[in-house]
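One structure below.
Please treat every number below as a calculation from the coordinates, not as lab data. Owing to the predicted nature of the structure, the values given are computational and were not obtained by experimental measurement. Every residue, glycine among them, receives a Cβ derived from its backbone with ideal geometry; neighbour counts consider all protein chains shown.
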Amino acid sequence: MSLIKSISGIRGTIGGKTGDNLTPIDIVKFASAYGTWLKRTSNKQFLKIIIGRDARISGKMVSDLVCATLQSLGVHVVDLGLSTTPTVEVMVTHLHADGGIILTASHNPKQWNALKLLNSKGEFISDKDGEELLKIADNEDFDFAQIDDLGICDKNIEAIDYHINQILNLPLVDVGAIKGAHLKVVTDCVNSTGGISVPALLKKLGVNVIEMYSEPNGHFPHNPEPLEKNLGEIMKRVPEEKADLGIVVDPDVDRLALICEDGTMFGEEYTLVAVADYVLSQTPSPTVSNLSSSRALRDITEKYSQKYEASAVGEVNVVAKMKEIGAKIGGEGNGGIIYPELHYGRDSLVGIALFLTHLAKKGISVKKLRETYPSYFMGKQKIDLNPAIDTDLILFRLTEKYKSENITTIDGLKIDFPTGWVHLRKSNTEPIIRIYTEAPTQKEADELAERFIKEIRESSR
């Protein structure tokens, strides 16, 4: 598997050959590039960087390498140990650090790991900064510290507690209402750091928790991406336990999926919709999600006479658009909640607290709550093309063909039709075009995808 170098970090599978996989040499190289980039862009003599990891089997090894590398650059490292992506983000600003590295491959299987890179605001670094960092890595342009200037490494084991307490103190989190609802919840934390954060939060909210896979040992019991096809066990367990709902997070706790009391999925796209419904009811504002997210967020936003805007795909792009228009809630349709009142990053923990407040105040079941939202169905497909085919030309031809429709070209091509949409994105690493569709029924969404697969093939001739 090729090493994936992107503007936000480096990702790959553990073992194998240098440059092809995530080997110790690659880990040291990119940690060195990140530390070097920070030193060049900061006017401080001494830098502080926060690191934290999910529970994957390779995590301790990767963390030790990153910590030692940063120390070799003269950096003060604060190691949170087992943590979550949003916790690291929160702690960067809380501890007035200059950056952060999250050691997680998110929803990827256990053989994967990654270095995800943050700036001093606890947010993912920008495209421009990422490109500069990759140049430093390619040139191996490093200058390590002399013996008397080596950095130190401190441990901080209180970060998750701090993160949870910050959530409990948010004005829109009503702890009393949640406690008064006497909720029973089943959790699936895929044997990662959700197991040390999600139940802890729920217990402080007065929720009766039935835990599944809370031991942070990195042995994922199923594919860790929180999609319906991977969640059969908890979908059975929720009704068996007569629980009010199920809560599922991915290994680094930035994606949140919910299960209704009857064992059906609430819908990954609708996590953000429900939380936005509550937030907008209390603090109206514009909203943002990416171009491949459900139209349901737009509908809810307009219910409160507010404006919805879409960003290019990618958390950094959602955050930039949220700041631009002053959105108080936003995120991605994969279950990623971004609530700026706490921080600008996807955060399952704050999503849980806001959702449960909303549910408690509504006084209805999770299933009934889901029925209050407009129903859309999505299709996700891809089409493989000959490497010689110009995918940019294909998208240009389709843009011309549909220029009378409502189109967006900030990230591939999105065409909004009266009752649905299609979003076409080319891959940067493969000769493929990804096709996302949404419509009032699954049949219509699938038919729309098939229609554009046919049109792409015709445009490629």
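Can you tally the net charge around Leu280? Count Lys and Arg as +1, Asp and Glu as -1, for every other residue whose Cβ sits under 9 Å from the Cβ of Leu280.
+1
Sorting the segments 217-227, 394-404, 116-126 by their residues' average number of neighbouring beta-carbon atoms within 10 angstrom, most packed first, yields 116-126, 217-227, 394-404. The H on the amide N of Gly151, modeled in the peptide plane, is under 5 Å from the matching H of Ser72, Leu73, Gly74, Val75, each at least 5 residues off or on a different chain.
Close amide-amide hydrogen proximity is noted between Asn191 and Ser214, Glu215, each under 5 Å apart and 5 or more residues distant or on a separate chain (H modeled in the peptide plane; Pro and chain starts excluded). Here is how the number arises for the chain: DSSP H runs of 4 or more residues each give -39500 (n - 2.57), the sum is divided by the residue count, and the result at 222 nm is -11500 deg cm²/dmol.
A dipole drawn for the chain from +1 and -1 charges on Cβ atoms has a positive end, and of Gly218, His423, Ile10 the residue lying farthest that way is His423. In sequence order, the stretch 245-260 has phi-based couplings of 5, x, 10, 10, 10, 8, x, 10, 6, 10, 10, 10, 10, 10, 10, 6 Hz under the Karplus curve 6.51 cos²θ - 1.76 cosθ + 1.60, θ = phi - 60°, and Gly or Pro positions carry x. In terms of packing, defined here as the mean over residues of other Cβ atoms within 10 angstrom, the peptides 38-44, 273-279, 377-383, 22-28 line up highest first as 273-279, 22-28, 377-383, 38-44. Extending 7 Å from Cα along the Cβ direction at Met61 and again at Ala145 yields two label points whose distance is 2.7 nm.
Using a Förster radius of 41 Å, what is the FRET efficiency between His76 and Lys229 based on their Cβ-Cβ separation? Nearest 0.05, please.
On the way: r = 44 Å, r/R0 = 1.07.
Rounded to the nearest 0.05, the efficiency is 0.40.
With the dipole of the stretch 4-157 worked out from charges on the C-beta (+1 for Lys and Arg, -1 for Asp and Glu) around the Cα centre, which of Ser32, Gly19, Leu70 lies farthest toward the positive end? The residue sitting most towards the positive pole is Gly19.
Ranking Gly122, Gln166, Gln45 by how far each Cα lies toward the positive end of the dipole of the chain (charges on Cβ) leaves Gln166 at the top. Placing R0 at 22 angstrom, the Cβ-Cβ distance between Lys135 and Lys307 gives a FRET efficiency of 0.05 after rounding to 0.05. State whether the stretch 163-371 is rounded, prolate or oblate according to the following rule on the C-alpha gyration tensor (a ≥ b ≥ c being the square roots of its eigenvalues): a/c under 1.5 gives rounded; otherwise a/b larger than b/c gives prolate, and the remaining case gives oblate. Note, shape of the stretch 163-371 comes out prolate.
Can you classify the chain as rounded, prolate or oblate using the Cα gyration tensor, where a ≥ b ≥ c are the square roots of its eigenvalues, rounded means a/c under 1.5, and otherwise it's prolate if a/b beats b/c and oblate if not? It comes out oblate by the Cα gyration axes. Annotation: amide H-H contacts under 5 Å for Phe377 (H modelled 1.01 Å from N, sequence separation of 5 or more, or interchain): Ala439, Thr441. Computed from phi, the 3J(HN,Hα) profile of the stretch 410-418 under the Karplus parametrisation 6.51, -1.76, 1.60 (θ = phi - 60°) reads 6, 8, x, 9, 10, 10, 8, 9, x Hz, with x in place of Gly and Pro. Within a straight-line Cα-Cα reach of under 17 Å, Lys135 can be paired with the following aspartates and glutamates, leaving aside sequence neighbours fewer than 8 residues apart in one chain: Asp26, Asp127, Asp143. If you take all other residues with their beta carbon under 10 Å from the beta carbon of Leu118, and give Lys and Arg +1 and Asp and Glu -1, the sum is -1.
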